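The values are calculated or read from the model by the stated rules, or taken from the named source; none is laboratory data. This one's a predicted model, so the numbers in the text were calculated from it and none came from an experiment. Quick reminder, even Gly has a Cβ in these numbers, built from the backbone with ideal geometry, and neighbours come from all protein chains shown. Surface areas here come from the heavy atoms of the whole protein model, side chains and all, with no ligands, DNA or RNA. Shrake-Rupley method; radii C 1.70, N 1.55, O 1.52, S 1.80 Å.
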Amino acid sequence: MHRTYSMRNSRAPTAQQMATPPPPPSSTKTGRFFGKGSLAHTFRRTTAGSFGPDLARKLAQLVKMEKNVMRSIELVSRERREVAKQLSLWGEECDDDVSDITDKLGVLVYEVGELEDQFIDRYDQYRVTMKSIRNIEASVQPSRDRKQKITDQIAQLKYKDPNSPKIVVLEQELVRAEAESLVAEAQLSNITREKLKAAFAYQFDALREHSEKLAMIANYGLSLLDLIDDQAVTPGETRAAYDGYEASKQIIIDCENALANWTFENAAVKPSLSIRQGQREGGFELEDEPLRGEGMEDWGEQDKLGEQAEATTSEVPAEEKGHAPVMAA
């Protein structure tokens, strides 16, 4: 993750990037005829900001771009499930250990595709909520336009005919228009804050669930790889018979149970905040010691349990580690 305080500032490389230079860009990112995105995505993005009230155009473009994101994730989900099937087909005719493990890996990769498909539904809650802000912005625009129109008419009459009786009438209409505009602007301000918090709460909750479940699958996948005998054999030498069928099956079962039992309450990754919301008008103030997030008072006990689990794991012989999942639910 790039460490930057704003999207408007340049991004500094992370410690990991400085220690290990990133790989070259993927070949799929270059040589595109229509640029970085598909023609349909580009068309939808550009046209969304060309129509509708001025106040709502930028957010309308954002909503349309998020729809492009969802379509892309849907494509990735579908392709990943096809990849999982093809991986199992390829490994079917290989040696026993490779055949069994590739079949089980295909199950895990297919589950990743299923999680991405579920992620789309939860991500859409975020997009729809942002869309409601766009609708409010569009409804406020007429009151702004009406007030501006009356103001322009008054200025024009004062320039052409300062004694015109219409000026008094227009000034009364302007007072009413300003009152309506104040109500609309207050409503927009309140709803924008409410819906913005709700929208990104939907997105971040979806990201938390998706990411933690992906991490679970990755750890169980690594446990599957430990069952493959990768010791080099000399020509004519016979490799030991594979006996990991039950172990690989149990790893898949454990992974399935872990995914089914996951909740936000037992999430493994939780924030450690170095700021707290102060009582003064400054908003936030720094603390000498990092603070846990709200509802995380029991972290000390969790840290102790984690240390005990690590100590127990370090005592397990190396040859036995491959027969149990790395990550528990």
The long-range amide H neighbours of L273, using H built 1.01 Å from N in the peptide plane and a cut-off of under 5 Å, are L291, R292, G293
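For I167 and A241, compute 0.36 nm times the residue count separating them, minus their Cα-Cα distance, and round to one decimal in nm.
Gain in length upon complete extension: 16.8 nm.
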Among I191, L207, V175, the residue whose Cα sits farthest towards the positive end of the charge dipole of the stretch 171-220 (+1 at Cβ of Lys and Arg, -1 at Cβ of Asp and Glu, taken about the Cα centre) is L207
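Go ahead and run the numbers for FRET between R71 and V183, Cβ-Cβ distance against an R0 of 45 Å, rounding to 0.05.
0.75
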When every protein chain stays in place and a 1.4 Å probe is rolled, E265, E116, E173, E178 sorted by accessible area with the largest first are E265, E178, E173, E116
Of the listed pairs K131/K270; K64/K131; K58/K149; K147/K195; K104/K249, those with alpha carbons more than 19 Å apart are K131/K270; K58/K149; K147/K195
Here FRET efficiency (C-beta to C-beta, Q250 to D205, R₀ 35 Å, nearest 0.05) is 0.70
Between the modelled labels at A155 and V98 (7 Å from Cα along Cα→Cβ) the distance in nm is 7.7 nm
Computed about the Cα centre, the charge dipole of the stretch 196-260 from +1 Lys/Arg and -1 Asp/Glu charges at the Cβ has a magnitude in debye, to the nearest 20, of 380 debye
Simple SL model, points at 7 angstrom along Cα→Cβ for K85 and A215; separation in nm is 3.3 nm
